[in-house]
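Below is one structure, written out as structure tokens, with a few remarks after it.
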Amino acid sequence: MSAAQRPLVVVGDTLLDQDVDGEATRLAPDAPAPVVDVTVDRSRPGGAGLAALIAARGGREVVLVTALGDDAASRVVRETLRSLVTLVELPLDGALPVKTRIRAGGRPLVRVDRGGGTPGSPGRATVAALRNAGAVLVADYGHGTAGALRRHLADAAHTAPMVWDPHPRGERPVPGVRLATPNAAEARLLLGSDGGPRNDQGPLRVHGARGTRLGELWGAAAVAVTLGERGALLTRPRSGDHMYVPVVRRAQGDPCGAGDCFAATAASVLAGGGLPEEAVQLAVAEAAAFVASGGAGGLRPRDALSDDEAPRRPYDAYDLAGAVRARGGTVVAAGGCFDLLHAGHVGLLQNARRTGDCLIVCVNSDASVTRLKGPGRPINPVADRVRVLSGLGCVDAVAVFDEDTPEPLLRRLRPDVWVKGGDYSADTLPEAAVLREWGGQALVLPYLDGRSTTELARRAALGSTVHPAPPPVPSRTRR
């Protein structure tokens, strides 16, 4: 079995995360403290358990090596994860840590931490899992699992790419780690007095210097300092090279678990033979999409989805639409071939995004474009078209459909608003009847005059000089 086919092994401390949400409209009579009327009470795996759950949603086989006990929190985590990942358990002396966030109106009021135990010694199954790993992710939350396995992790770092997500109270990464992923605050704390003054939002050179120093101390091949909504800075300590990866679209949402998403995505890329540079670029994009889709609270176990609902990739258009609807937002969709993206397309999509809380672009597959436009089209394959659309700041997700019309896809996405540019009226749009099935609205937006994929293709074929276009004038010319 090749390394790419072997499982991703996640090692670390699993927690039980609880979110208690409600409304606070009054103070307690005996103290100046808000009274929260609870509306939702959710529990889910946290820490290494969350990282494993995220990694498993990508379709790869995942083995989780963690410490679980006989307490109630351990039983909840075990029951949630056992159908999604392969569990290899260390004994836990004590209770699993439980972190409870109490929020009112979506805003945190207080977090309550309880529990905690000591992981026991690893058994043969643990050693075998690490020896068979295609890649290893160490999700260290400072509760002792990485320490209990340190000797075996040091051996595994020489046989499989390893990502280490460190914690200031946790273990120092073993030598040979392919990629370490501290956040800005962790990088400063892990360096102690060498970390300099608190400046977690400071210039990139500060984070680069910290990443280089940590990589030298740990013997890591690369260090990615994650910067929240700013993205991440990748450093190569041996060469002194830096690569900044910004967030293409700043996401509004709950950032809880974004670091786990980043590390899990990076480990999956390395497991497939990718480079740290590729891993960090995809990890930044996936972490932003994770936050936009509701964060850890927006995850749904894969086995709870029907075949029709099962996403083709983590945090895709269907997950995003469901998460935005769940929090009362407006889902907007727009469609087309987008063969040669031009100013008319961009203007339409920017205006479409302003009408709601997320924009999902429904794009024709290659076969669908050929049937619609004729031989020689598309000019760009669907993978390239999806990548270009995904790079636009106004586009939150892209979904591909193979049919002649987007109607089957729309029935799955169920957008609140369907946007079209052209010489239609809202009532005569071909998709208008479908939208009415769930109370959606069809909307026609002005299209920029003189912008046409067909005209661009004609000019390119003739080799003519493209002169600057006249100032755009709103029109209703069909794409």
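The values are calculated or read from the model by the stated rules, or taken from the named source; none is laboratory data. Model, not experiment: these values are computed from the prediction. All Cβ positions, glycine included, derive from the backbone under ideal geometry; neighbour counts span all protein chains shown. The accessibility values were calculated without ligands, DNA or RNA, using every heavy atom of the protein model including side chains. Shrake-Rupley method; radii C 1.70, N 1.55, O 1.52, S 1.80 Å.
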Checklist outcome for this item: If we ask which residues in segment 66-112 are within 19 Å of R44 (Cβ to Cβ) and either open to solvent by less than 20 Å² (accessible area, probe 1.4 Å) or not in a strand (DSSP E or B) (or both), their number turns out to be 24
Next on the checklist: Please verify whether A352 is in a strand (DSSP E or B), more than 21 Å from the chain's Cα centre (by Cα) and closer than 21 Å to L445 by Cβ, treating the condition exactly as stated.
Outcome noted: no
Item to check | All positions within segment 322-376 that are touching a Ser or Thr at 6+ places or on another chain (Cβ under 9 Å), of a type in the set (A, V, I, L, M) and within 30 Å of A296 (Cβ to Cβ) | outcome: A323, V324, V332, V361
Checklist entry - When you scan segment 196-260 for strands (runs of 3 or more DSSP E) that lie fully inside it, which ones turn up with 2 or more residues that are at pLDDT 95 or above? => result 223-226
Checklist entry - Within segment 389-404, which residues are open to solvent by 30 Å² or more (accessible area, probe 1.4 Å) and either assigned to a helix (DSSP H, G or I) or closer than 13 Å to V434 by Cβ (or both)? => result S390, E403
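This table checks each residue for (1) open to solvent by 20 Å² or more (accessible area, probe 1.4 Å); (2) in contact (Cβ under 8 Å) with a residue 24 or more places away in the chain.
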| site | (1), (2) |
| --- | --- |
| D13 | no, yes |
| V36 | yes, yes |
| D41 | yes, no |
| P45 | no, yes |
| A48 | no, yes |
| A51 | no, yes |
| A56 | no, yes |
Checklist entry - Is it true that some residue in segment 15-26 is in contact with a helix residue (DSSP H, G or I) (Cβ under 9 Å, 6 or more places away or on another chain) and of a type in the set (S, T, Y)? => result no
Next on the checklist: Can you tell me how many residues within segment 1-11 are of a type in the set (A, V, I, L, M), open to solvent by 40 Å² or more (accessible area, probe 1.4 Å) and either under 24 Å from A148 (Cβ atoms) or in contact (Cβ under 8 Å) with a residue 24 or more places away in the chain (or both)?
Outcome noted: 2
Checklist entry - Of all residues in segment 288-313, which are hydrophobic (A, V, I, L, M, F, W, C) and either modelled with pLDDT of 90 or more or open to solvent by less than 10 Å² (accessible area, probe 1.4 Å) (or both)? => result F290, A296
Next on the checklist: If I filter segment 405-424 for residues that are touching a Ser or Thr at 6+ places or on another chain (Cβ under 7 Å), part of a loop (DSSP other than H, G, I, E, B) and at pLDDT 90 or above, do I get at least one hit?
Outcome noted: yes
Checklist entry - (1) at pLDDT 95 or above; (2) closer than 23 Å to H207 by Cβ; (3) surrounded by 21 or more Cβ atoms within 10 Å (Cβ to Cβ): which one isn't true of L149, the others all being true? => result (2)
Checklist entry - Given the conditions (1) in contact (Cβ under 8 Å) with a residue 60 or more places away in the chain; (2) surrounded by 23 or more Cβ atoms within 10 Å (Cβ to Cβ), which single one is not true for G22? => result (2)
